[in-house]
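Values in this text are rule-based calculations from the coordinates and carry no lab data. If you're wondering where the values come from, they're calculated on a predicted model, not measured in any experiment. Neighbour counts run over all protein chains shown; Cβ positions are idealised from the backbone, glycine included.
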Amino acid sequence: MLKIWGRKNSINVQKVLWCCAELNIEYERIDAGMQFGVNNTPEYLAMNPNGLVPTINHDGFVLWESHAILRYLCGISGLGTLWPGTPRAFANADRWLEWYNTTLWINLRPVFWNLVRVAPEKRDMPLVDESVKKLNANWQIADAHLSGSRYFGGENFTMGDIPLVQPAGGARTARESGSLVPRDLRAAGIPEALHGAADIIACLATGEQADR
Ligand SMILES: N[C@@H](CCC(=O)N[C@@H](CS)C(=O)NCC(=O)O)C(=O)O
């Protein structure tokens, strides 16, 4: 049985839970991180020296880094579906996992951190403003891509959609609160992209907010 360590309101844990839901992978989830602790214990640090969530143990195989976990799970249960079956189709999906980590998150993090984690009087608003500009340019790239493609990785739902749909929704929420003006991403509102991940949708919809 797959074991997943991580609180379910973590955006990185949610990627993994959603992937499991898509692939019908059964798992046991152990709360860890923030108020739950666990991630600072010697036992946990022996599995994941970063002390971050998520971490998985699949029949003795331990892995951390949410996108590596996505690739692993899709590799064992999603070949030909979430992990597309040709090198080019795979690369088209995989590109968005890379883009999230190397491009989008770099700009999203300061916005999230300051607006959600830091008290108003301590916020670095010049950094937020600068990051929002960069983020909007990022979202325009995603937007333009989605104008010619049903999903990020092509005409079918792939692993490449999983990290991007959620922050697109988060960006939309931030826009409604007046602090961020992202593009009108198809991904932000496409329930079809959410597939069968009912528990993740519920988690997002009921305001169990994604935290880092
Ligand atoms: N690059 C890592 C980042 C993991 C990460 O930053 N996890 C956050 C939660 S989303 C964390 O563990 N924060 C500390 C905590 O929850 O106590 C990944 O994608 O798995």
Amide H contacts under 5 Å for SER10, placed H, 5+ residues apart: ASP211
Segment 2-77: relative contact order in percent, alpha carbon pairs under 8 Å with at least 6 residues between: 37
Do any GluC sites (Glu not before Pro) in segment 1-56 lie in a loop, going by DSSP, with at most 11 other beta-carbon atoms within 10 Å of their beta carbon, and if so which? GLU26
Quick one: Karplus J couplings for segment 49-55, per residue in order, coefficients 6.51, -1.76, 1.60, θ = phi - 60°, nearest Hz, x for Gly and Pro? x, 6, x, 10, 10, x, 10
For the modelled label position 7 Å from the Cα of ALA137 along Cα-to-Cβ, which residues of segment 94-110 have backbone nitrogen atoms closer than 20 Å? 96, 98-110
In what sequence, highest mean first, do 117-125, 131-139 appear when ranked by Cβ atoms within 10 angstrom? 131-139, 117-125
From the phi angles alone, apply the Karplus equation (6.51, -1.76, 1.60; θ = phi - 60°) to segment 32-43 and give each ³J(HN,Hα) in whole Hz, x where the residue is Gly or Pro. 7, x, 6, 5, 7, x, 6, 6, 10, 7, x, 5
Expected sort for VAL38, VAL111 with the fewest Cβ neighbours (10 Å cutoff) up front is VAL38, VAL111
Order of 145-151, 10-16 by packing, highest average Cβ count within 10 Å first? 10-16, 145-151
When the Karplus curve 6.51 cos²θ - 1.76 cosθ + 1.60 is applied with θ = phi - 60°, which whole-Hz ³J(HN,Hα) does each residue of segment 72-82 get, with x for Gly and Pro? 4, 5, 5, x, 8, 10, x, 4, x, 10, 5
Could you tell me how far the Cα centroid of segment 1-15 sits from the Cα centroid of segment 75-137, in Å? 18
In terms of the Cα gyration tensor, with a ≥ b ≥ c the square roots of its eigenvalues, is segment 94-147 rounded because a/c is under 1.5, prolate because a/b exceeds b/c, or oblate? prolate
Relative contact order as a percentage, segment 20-167, C-alpha pairs under 8 Å and 6+ apart, gives 21
Which of rounded, prolate, oblate describes segment 1-128, given a ≥ b ≥ c as roots of the alpha-carbon gyration tensor eigenvalues and a/c under 1.5 marking rounded, otherwise prolate only if a/b is larger than b/c? oblate
Scoring only Lys, Arg, Asp and Glu (+1, +1, -1, -1) among other residues with Cβ under 15 Å from the Cβ of ARG71 yields -3
